[in-house]
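To start, the structure itself, in structure tokens.
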């Protein structure tokens, strides 16, 4: 929560500073590799009737093209693993996205194509294991330059789960997810390495054996971005 408040204060102050440095092209790399780790990933599960803290990782590749790097394509894999001690259960989830975006000054709009994987256990027994393919949705991003070659971002992603197949043919449906990410990047070196940090939320629904459940994940994260120019 303290990190979220700090980021919101940073966002407010940046609205004044961005007018002095409105061009963000210099902070966008032609090619980048990203990795971050969720320091505190809290999963609130109605399916397992429990809340607990686990781990999450995200890695991705990105390409920006065009005279002002206004066209972007990125590949992102987000995995969380959370054990719920009170019910002797766990939920493992992986979301894989392809994002194609076009930037209009500070705002980017795009489309998302996604797949997913889930495995859930309860009382030390398997509940289900599933694969989802062919999901699609939309993407919105606001990027604001800050002093000292830093960049603030707010991303919103929504994506349908696509066609979901349960391994043992159990009745399972997964609804569209909504992700929000508020964070920043700060240069570690002049050209190649950036330090990234932020606050991320995810919400989606699922229906298992004819009963609907609301699931949510909240995470604070730290990471690194390596970029280069062609």
Go through segment 165-181 and give me each residue that's surrounded by fewer than 20 Cβ atoms within 10 Å (Cβ to Cβ) and either in a strand (DSSP E or B) or in contact (Cβ under 8 Å) with a residue 12 or more places away in the chain (or both).
-> 165, 166, 167, 168, 170, 171, 173, 175, 176, 178, 180, 181
Consider residue 198 carefully, then state whether it is touching a strand residue (DSSP E or B) at 6+ places or on another chain (Cβ under 6 Å) and surrounded by fewer than 17 Cβ atoms within 10 Å (Cβ to Cβ).
-> no
What residue, among those in segment 135-148 that are at pLDDT 95 or above and buried (at least 20 other Cβ atoms within 10 Å of the Cβ), is nearest to residue 166 (Cα to Cα)?
-> 135
Which residue, of 158, 201, is within 18 Å of residue 142 (Cα to Cα), under 15 Å from the mean Cα position of the chain (by Cα) and without any contact (Cβ under 8 Å) to a residue 24 or more places away in the chain?
-> 201
If you go through segment 94-118, how many residues are over 19 Å from the mean Cα position of the chain (by Cα) and buried (at least 17 other Cβ atoms within 10 Å of the Cβ)?
-> 0
For segment 36-93, the count of residues that are outside any strand (DSSP E or B), without any contact (Cβ under 8 Å) to a residue 40 or more places away in the chain and surrounded by fewer than 16 Cβ atoms within 10 Å (Cβ to Cβ) equals 6
Contacts under 6 angstrom Cβ, first residue in segment 113-134 being at pLDDT 95 or above, partner not in a strand (DSSP E or B), 6 or more apart = 116/161; 128/170; 129/167; 132/161; 132/162; 133/162; 134/162
Does any residue of segment 129-139 turn out to be in contact with a helix residue (DSSP H, G or I) (Cβ under 7 Å, 6 or more places away or on another chain) and closer than 23 Å to residue 93 by Cα?
-> no
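The values are calculated or read from the model by the stated rules, or taken from the named source; none is laboratory data. Owing to the predicted nature of the structure, the values given are computational and were not obtained by experimental measurement. All Cβ positions, glycine included, derive from the backbone under ideal geometry; neighbour counts span all protein chains shown.
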